[in-house]
Structure formats: C-alpha cells, structure tokens
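Step one of this worksheet: look at the structure below.
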Amino acid sequence: MNKAELIDAVAKSTKQTKADTEATLNALMATVQGAMAKGNNVQLIGFGTFAVEERAARVGRNPATGKELKIPAKKVAKFKVGSKLKDAVAGVKAKKK
C-alpha cells in the first residue's frame, strides 16, 4: 500500500474527504518527524514505537578494494512493532479482557 492508497482507505473508513485525510496524514508524519529530529521517541500503544538510536562509529571495509574506512557515528530511526500490530500480522486474535 502506498500513500495514495492509504489516504483512500482512511478517507473511506472515516467518511472524510481525501484532501482532509491527506492533510491529517501529512500533519501526523511531520509531527513524528519533528519529534524524532529532536531526539524524542513517539509511542503509539499497540501499534509501535518510532525511536531514535545512536549508531557508534566503526571501521568498515570497501568491498571492491578491501581498503578500511572510518564510518562516523550517527543517529538512526528505528521502529519497534507494538503487540496489537504484531498479533494482527501473525493472524492472532486479540485477547478479550
């Protein structure tokens, strides 16, 4: 599913216009991106957590030449799947409480 298909599906589900749905989706993505750019995690209970992790500097190797090169430290985006999403993908029915 691409972004346009997601917008169509959410618009049908919520009975909103595609334009309103696209604006909401764009705002959500911008908010998550802004929070992560500041180093904050975004946790959506049951769905998952968007997290920022620090990747340490290390020595790598150019596969073509075999020459060693330094790879600098950097921050990377990670996504950890929440339990409800994990169960839905696995085909497990939600537990009743």
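Laboratory data are not the source of any read-out in this text; all were calculated from the coordinates shown. Fair warning: this is a prediction, and the values are worked out from it, not measured in the lab. Counting neighbours? That spans all protein chains shown, and the Cβs are built from the backbone with ideal geometry, glycine included.
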Base-10 log of normalised Debye intensity for the stretch 7-87 (one unit scatterer per alpha-carbon) at q = 0.16, 0.18 Å⁻¹ | -0.80, -0.89
Where in the chain are the DSSP H helices whose alpha-carbon span along the long axis reaches 27 Å or more and whose Kyte-Doolittle mean is at least 0.0?
-> 18-37
Given pairs 38/80; 12/80; 38/75 and cut-off 21 Å on Cα-Cα distance, the over-length ones are 12/80
For the stretch 1-64, state which trypsin sites (Lys or Arg not before Pro) are in a DSSP loop and have at most 15 other beta carbons lying within 10 Å of their beta carbon.
-> 15, 38
Around residue 59 (Cβ within 10 Å, Cβ-to-Cβ, excluding residue 59; K/R +1, D/E -1) the net charge comes to +2
How much mean residue ellipticity at 222 nm does the chain get from its helices, if each DSSP H run of length 4 or more adds -39500 (n - 2.57) and you divide by all residues, to the nearest 500 deg cm²/dmol?
-> -13000 deg cm²/dmol
In Å and from the alpha-carbon atoms only, list the Rg and Dmax of the stretch 55-97.
-> 19.9, 59
What list do you get for 21, 14, 65, 49 if you sort them by fewest beta carbons within 10 Å?
-> 65, 14, 49, 21
For residue 93, counting only aspartates and glutamates whose alpha-carbon sits under 20 Å away and dropping same-chain residues fewer than eight positions off, the answer is none
